[in-house]
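**Q** What follows is a structure written as structure tokens; I'll ask about it next.
The values are calculated or read from the model by the stated rules, or taken from the named source; none is laboratory data. Keep in mind that what you see is a predicted model, and the values were worked out from it rather than measured. Here the Cβ is made from the backbone with ideal geometry for all residues, glycine too, and neighbour counts use every protein chain on show.
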Amino acid sequence: MKKSIPNFQSSVFSSSISTSTSSPPPPKKNLKKQATGLEFPEVTSFWLGDRARCVGAGARTKKIAILSVKVYAVALYVEAEKAARELGVRSRGGFFDDAETADADFCSALADGAFTKALRIDLVRDVDGATFYSALEEALAPRLRLMGGDAAAGLKKFEEFFSARKLTKGTSLGLLQRVDGGLDVAVCADRARAAAAFASPDAPALRIDASGFGRSLFEVFLGDSSVVPEAKKAWAQGARALLATEQVKRDTRKGGS
């Protein structure tokens, strides 16, 4: 008997995402991040890697006086088939068995996995580039100091790139962690055009080759002290859904159906 494939859902979204054992569908569906009202493509392409699937989204908030103000919405994209296979390997090795740490373990697997992944950040208010960098640098610098090597030079390039920019409301950023651990950055001033712009091989405006820089940056979002804890919960749930599709595929192959 063929097993049904679970819905790829997250409470963060107003609509569910359906999974399939076949190739990902064209990017017709959008996912709405309820806290900001912004929509992200369910399936999209970046300048590197295979077609990428959104595994969840959340919002970055900043405390101003007594108010929590939304700064940007952020969605995580992964190469779905490669990510699902790797999650399956880890699951069979017992990596996600501890219920108390499962969310963190799923996010760690997404950050560490040998597949291309990208964060798409859509600003919902004007942000000075230096301020944007400073907020990330506070969490990023300690990680890079432990790495040594060319990490400091990579951080300097990252600072210079953002400090010279005014990031206005409606701007989209693409932060892509390459399989080699480096980072590519793309910027699109009009979020309505971001999906098409980020699919272009010419999209990256910054490339940092420092080994591990991309992993360290993604740790700021996916790690224990995530700057977007709401999104981290959604990403863990999205990883579970990817794992479920991999398990269905394996069971289907075993059953010969």
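**Q** Just to verify a result, which residue in region 85-130, among those that are among the basic types (Lys, Arg) and either over 12 Å from the mean Cα position of the chain (by Cα) or within 23 Å of residue 62 (Cα to Cα) (or both), is surrounded by the most Cβ atoms within 10 Å (Cβ to Cβ)? Write out each step before concluding.
**A** Restricting attention to region 85-130, the residues satisfying the condition of being among the basic types (Lys, Arg) are 85, 90, 92, 117, 120, 125.
Restricting the remaining residues to those that are either over 12 Å from the mean Cα position of the chain (by Cα) or within 23 Å of residue 62 (Cα to Cα) (or both) gives 85, 90, 92, 120, 125.
Working: 85: 19, 90: 19, 92: 12, 120: 28, 125: 13.
Result: 120.
For every residue, the table says whether it meets (1) among the aliphatic types (A, V, I, L, M); (2) in contact with a Lys or Arg (Cβ under 7 Å, 6 or more places away or on another chain).
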position: 158; (1), (2): no, no
position: 162; (1), (2): no, no
position: 165; (1), (2): no, no
position: 172; (1), (2): no, yes
position: 175; (1), (2): yes, no
position: 178; (1), (2): no, no
position: 183; (1), (2): yes, no
position: 189; (1), (2): yes, no
position: 196; (1), (2): yes, no
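**Q** Here is a further query. Just checking, how many residues over region 115-139 are outside any loop (DSSP other than H, G, I, E, B) and over 16 Å from residue 184 (Cβ atoms)?
**A** So in region 115-139, the residues outside any loop (DSSP other than H, G, I, E, B) come out as 117-123, 127-139.
Pick out the ones that are also over 16 Å from residue 184 (Cβ atoms) and you get 122-123, 127-135, 137-139.
Qualifying residue count, region 115-139: 14.
**Q** Residue 187 fails exactly one of the following numbered conditions: (1) assigned to a strand (DSSP E or B); (2) within 19 Å of residue 111 (Cα to Cα). What is the number of that condition?
**A** All conditions pass for residue 187, except number (2).
**Q** Considering (1) touching a Ser or Thr at 6+ places or on another chain (Cβ under 8 Å); (2) under 20 Å from residue 75 (Cβ atoms), say which one residue 184 fails and leave the rest.
**A** If we test residue 184 against (1) touching a Ser or Thr at 6+ places or on another chain (Cβ under 8 Å); (2) under 20 Å from residue 75 (Cβ atoms), just (1) comes out false.
**Q** Return yes when residue 71 is of a type in the set (Val, Ile, Thr) and surrounded by fewer than 18 Cβ atoms within 10 Å (Cβ to Cβ) and no when it is not.
**A** Working: of a type in the set (Val, Ile, Thr): yes; surrounded by fewer than 18 Cβ atoms within 10 Å (Cβ to Cβ): no.
Here the answer is no, as residue 71 does not meet what is asked.
**Q** Given the condition in contact with a Gly (Cβ under 7 Å, 6 or more places away or on another chain) and at pLDDT 95 or above, answer yes or no: does some residue in region 130-149 qualify?
**A** No: region 130-149 contains no residue that is in contact with a Gly (Cβ under 7 Å, 6 or more places away or on another chain) and at pLDDT 95 or above.
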